[in-house]
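The values are calculated or read from the model by the stated rules, or taken from the named source; none is laboratory data. It should be emphasised that the depicted structure is a prediction, and the values quoted were computed from it without experimental measurement. So basically every Cβ, Gly included, is an ideal-geometry build from the backbone, and we count neighbours across all protein chains shown.
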Amino acid sequence: MKNRRTFLKTACKPIVLAAFGIPILEACSTEETPESSTSSGSQSQSTPKEPLQIDLTNSQFSDLEVVGGWINYRDEDLLLIRISTNEIRAFDNSCPHQGNRDRWTFDGSEFTCGYHNNSYSNSCSGSLTCYTTELEGTILTVNL
């Protein structure tokens, strides 16, 4: 029993360090300097984006002609859904779970991310970032 205890005391430390030490050290390291992350973060928060205007007569938006129609507008990272004849909602198409943007489905009331099947309501009180929109004729304005 004494030999086993001695073996475990001497052999386990290097094994544990090899198994857990390197990943922990790598996870704690960064190539980004604190100054660069602070300056870029504060700059993006203080600079509001211009409202986006979308011409719905473009064939790319034909799915929005009917109530319940929706599109994943990847050029601007938006999920767009027609709620009624005079309302279209716009959401950020970044999945709150892991940030994926390209594999969305919609069942009439919820968007589902195709990577992990997480579902999000089409109401502006859900987890997806909802932007205010204004629809005037065939021009949709999204305030980002």
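Go through L144, L80 for me and flag whichever is in contact with a helix residue (DSSP H, G or I) (Cβ under 7 Å, 6 or more places away or on another chain) and not polar (S, T, N, Q). Checking each option against the conditions leaves just L80.
Confirm whether E50 is touching a residue at least 40 places away in the same chain (Cβ under 8 Å), among the charged types (D, E, K, R) and exposed (fewer than 11 other Cβ atoms within 10 Å of the Cβ). Break it down stepwise before answering.
On the way: touching a residue at least 40 places away in the same chain (Cβ under 8 Å): yes; among the charged types (D, E, K, R): yes; exposed (fewer than 11 other Cβ atoms within 10 Å of the Cβ): yes.
Taking the combined requirement at face value, the residue satisfies it.
Residues in the range 101-123 that are of a type outside the set (S, T, Y) and under 26 Å from D55 (Cα atoms): 10 in all. Here the condition is being crowded, with 18+ Cβ neighbours inside 10 Å, in contact with a Gly (Cβ under 6 Å, 6 or more places away or on another chain), at pLDDT 95 or above and not aromatic (F, W, Y); of R82, R89, it holds for R82 alone.
Given the condition out of contact with any strand residue (DSSP E or B) (no Cβ under 6 Å at 6 or more places or on another chain) and modelled with pLDDT under 95, answer yes or no: does some residue in the range 125-134 qualify? Among the residues of the range 125-134, at least one is out of contact with any strand residue (DSSP E or B) (no Cβ under 6 Å at 6 or more places or on another chain) and modelled with pLDDT under 95, which makes the answer yes.
Kindly indicate whether S62 is at pLDDT 95 or above and part of a helix (DSSP H, G or I).
Details: at pLDDT 95 or above: yes; part of a helix (DSSP H, G or I): yes.
Against the criterion (at pLDDT 95 or above and part of a helix (DSSP H, G or I)), S62 qualifies.
Close contacts from the range 90-101, counting a first residue that is more than 7 Å from L78 (Cβ to Cβ) and a second that is small (G, A, S) and surrounded by 13 or more Cβ atoms within 10 Å (Cβ to Cβ), with Cβ to Cβ under 8 Å and a gap of 6+ residues or different chains, come to P96/S127; N100/S94; R101/S94.
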